[in-house]
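Structure first, commentary second.
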């Protein structure tokens, strides 16, 4: 029952294999009546009515076709040979007169049905037309008794003109009950139901074979793909012992590999990974649990590739998770000059697997002669081993730059372009609830509108309102809540599954502006394997669809409008060039396909609309800039897997006849 190391990709092709039915011998005793029930066997003691030294005879089961991708091959049936039998004699000298070889002109079986007759004729060595003898016939009787299928076996002979006629008279056992050995997931009730056709009737190899096939199908249907029926042993007391090997998990290990599949030391702590698994030592291996483990490991966002390898046999299966980690650390530094800040220097550090337990740390600092900006965050995920402790994310920031809502087309009274400055922070707690990831947070942001020199400006050159408070500075304190259901097979490069999110933010009217608003957003993405190209399990062509929308109820600061257009919206348009509205709907479709190695391609189409809500935004930035309110873009792009993540370049064409090449990090959705 040995099986080779197999990658998880074979799990989807698992098939059930045919197994032999083995009948083991017992001595000839009177049959005792028993009720029809299953007696589970105590694994520490010998099975009831089992004779460990008894020889065995195989009753061949109907063959079941298997594919080359089968995970566990069926046990090869043993060669049918008669067991050694000691025939008593009255003398140590050969009695050639009594053991003379004669031809068996006819061989008959009395007292058995057709299936059992065929089993008997396959078991005995006396065949029609072949030579036989008294000792050989006695040995045949002993072999039939040793199978445990009969309470009595007798043989008579009758002389014929050309030899002898041999008649085997048998009394088959009546199956009264079952015994289970090695079962953890197979219950007595299920076994009784599968073998009910045989209970209370004369033993029938065809019925037992059929019941074994149904049992193997039950294991396969319920995902126990390593389980095998090892032996079926009848006793002359009417008890059938069913021994199964269900694929109990032995050791669970993790093996970190580089991109060339060579073992390396990994950063992720193994006890952290163990808490994410459903496959546990001592439990029966189930393919659905293994698939769930793959998804759980992929969803961590730490691994580029995850496989499962199995070693051992059906009595003890060792499970190894082969993991290829994504480069988790990145550091970048640079410098330059811009008209707002003069000489500037930047440095950023990001670690997506801080401390080896999926904690994430990000720090970015930009220092100039006129300004200092920073953005920091730290995330500690929820740990299932400590369910009373929530996961959390904290962040703090100070940013200043051009606004997507008020770009260079909108000027301040002094002729400068609008600069939007923000600083603040927040904390968000998270915890999984069933299949959902729930979050609850508290955030604070102060937003100011300034000119190039840092002077506050509450209105633009036309007198349109730029902040809600009319002072050029707003305070926004919000309580946020959200749920996410992620069923993608890989969060970084999904090829199938879906992800749905719903979030809401409720402001608390404090500080400048006393803003009272509620912001709701929903987002759904679906990924479907196209099947036109398959360059490996992680390199498939995929149809990807996304639809999202949102609205704001109550007060709405102009800079909080939904801006449509740009690399992460309707491609081909500049950021925010389609609309700036109180509400929006955005839909996208992509066909993603591998090209070679780390390069892939994409065909895309995007559509976005503000649902006619641009005139309800204070200051009407969309109306003032002449934004159309809806727009369509389509085109093609390229994807490159790099050490810093997925780099994308898209060439988009708009319904206005414009075109643009745009760059971004990560997939559009």
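The values are calculated or read from the model by the stated rules, or taken from the named source; none is laboratory data. Please read these numbers as outputs of a predicted model, since none were measured by experiment. Heads up, the Cβs are rebuilt from the backbone with ideal geometry, glycines too, and the neighbour counts pull from every protein chain shown.
Mind listing whichever residues of segment 280-304 are under 13 Å from the mean Cα position of the chain (by Cα) and at pLDDT 90 or above?
Selection gives 286, 287, 288, 289, 290, 291, 292, 293, 294, 297.
Restricting to segment 626-669, and then to whatever is surrounded by fewer than 14 Cβ atoms within 10 Å (Cβ to Cβ) and assigned to a strand (DSSP E or B), can you tell me which residue is modelled with the lowest pLDDT?
Once the filter is applied, the top-ranked residue is 642.
For segment 216-264, give me each residue that is farther than 11 Å from residue 182 by Cα, under 21 Å from the mean Cα position of the chain (by Cα) and buried (at least 21 other Cβ atoms within 10 Å of the Cβ).
Within segment 216-264, 219, 224, 225, 226, 249 meet the criteria.
Going by the conditions given, is residue 582 at pLDDT 95 or above, in contact with a helix residue (DSSP H, G or I) (Cβ under 8 Å, 6 or more places away or on another chain) and crowded, with 22+ Cβ neighbours inside 10 Å?
Working: at pLDDT 95 or above: yes; in contact with a helix residue (DSSP H, G or I) (Cβ under 8 Å, 6 or more places away or on another chain): yes; crowded, with 22+ Cβ neighbours inside 10 Å: yes.
Here the answer is yes, as residue 582 does meet what is asked.
Across segment 109-132, what is the total count of residues that are farther than 13 Å from residue 172 by Cβ and assigned to a loop (DSSP other than H, G, I, E, B)?
7
Scan segment 193-212 for residues that are under 33 Å from the mean Cα position of the chain (by Cα) and surrounded by fewer than 18 Cβ atoms within 10 Å (Cβ to Cβ) and report the count.
Residues of segment 193-212 that are under 33 Å from the mean Cα position of the chain (by Cα), as a first pass: 193-194, 210-212.
Filter once more, so that each one left must be surrounded by fewer than 18 Cβ atoms within 10 Å (Cβ to Cβ): 193, 210.
Residues meeting the conditions: 2.
For residue 106, state whether it is part of a strand (DSSP E or B) and either at pLDDT 95 or above or assigned by TED's automatic domain parsing to the domain that holds residue 203 (or both).
So residue 106 fits the description; yes.
What residue, of 611, 603, is assigned to a loop (DSSP other than H, G, I, E, B), out of contact with any helix residue (DSSP H, G or I) (no Cβ under 7 Å at 6 or more places or on another chain) and surrounded by fewer than 19 Cβ atoms within 10 Å (Cβ to Cβ)? Quick ask: steps written out before the conclusion?
On the way: 603 fails: assigned to a loop (DSSP other than H, G, I, E, B).
One residue alone meets the criteria, 611.
Filter segment 273-331 for residues that are at positive phi and touching a residue at least 60 places away in the same chain (Cβ under 8 Å); which is surrounded by the most Cβ atoms within 10 Å (Cβ to Cβ)? If you could, list the steps in order and put the result at the bottom.
From segment 273-331, those at positive phi are 282, 301, 312; that's our starting set.
Filter again for touching a residue at least 60 places away in the same chain (Cβ under 8 Å), leaving 301, 312.
Working: 301: 16, 312: 19.
Among those residues, the one meeting the criterion is 312.
Pull up segment 561-579, narrow it to residues that are surrounded by fewer than 23 Cβ atoms within 10 Å (Cβ to Cβ) and over 35 Å from the mean Cα position of the chain (by Cα), then point me to the one that is farthest from residue 473 (Cα to Cα).
The residue in question is 574.
For segment 455-473, what are the residues that are surrounded by fewer than 16 Cβ atoms within 10 Å (Cβ to Cβ) and in contact (Cβ under 8 Å) with a residue 60 or more places away in the chain?
Answer for segment 455-473, where residues must be surrounded by fewer than 16 Cβ atoms within 10 Å (Cβ to Cβ) and in contact (Cβ under 8 Å) with a residue 60 or more places away in the chain: just 462.
May I ask you to verify whether residue 423 is buried (at least 18 other Cβ atoms within 10 Å of the Cβ) and closer than 30 Å to residue 615 by Cα?
On the way: buried (at least 18 other Cβ atoms within 10 Å of the Cβ): no; closer than 30 Å to residue 615 by Cα: yes.
Judged against the criteria, residue 423 is not a match.
Can you go through 340, 375, 351 and tell me which one is in contact (Cβ under 8 Å) with a residue 40 or more places away in the chain and surrounded by 15 or more Cβ atoms within 10 Å (Cβ to Cβ)?
Details: 375 fails: in contact (Cβ under 8 Å) with a residue 40 or more places away in the chain; 351 fails: in contact (Cβ under 8 Å) with a residue 40 or more places away in the chain.
Going through 340, 375, 351 in turn, the sole match is 340.
Name the single residue, out of those in segment 465-491 being in contact with a helix residue (DSSP H, G or I) (Cβ under 8 Å, 6 or more places away or on another chain) and part of a loop (DSSP other than H, G, I, E, B), that is farthest from residue 450 (Cα to Cα).
Looking at the filtered set, the residue picked out is 489.
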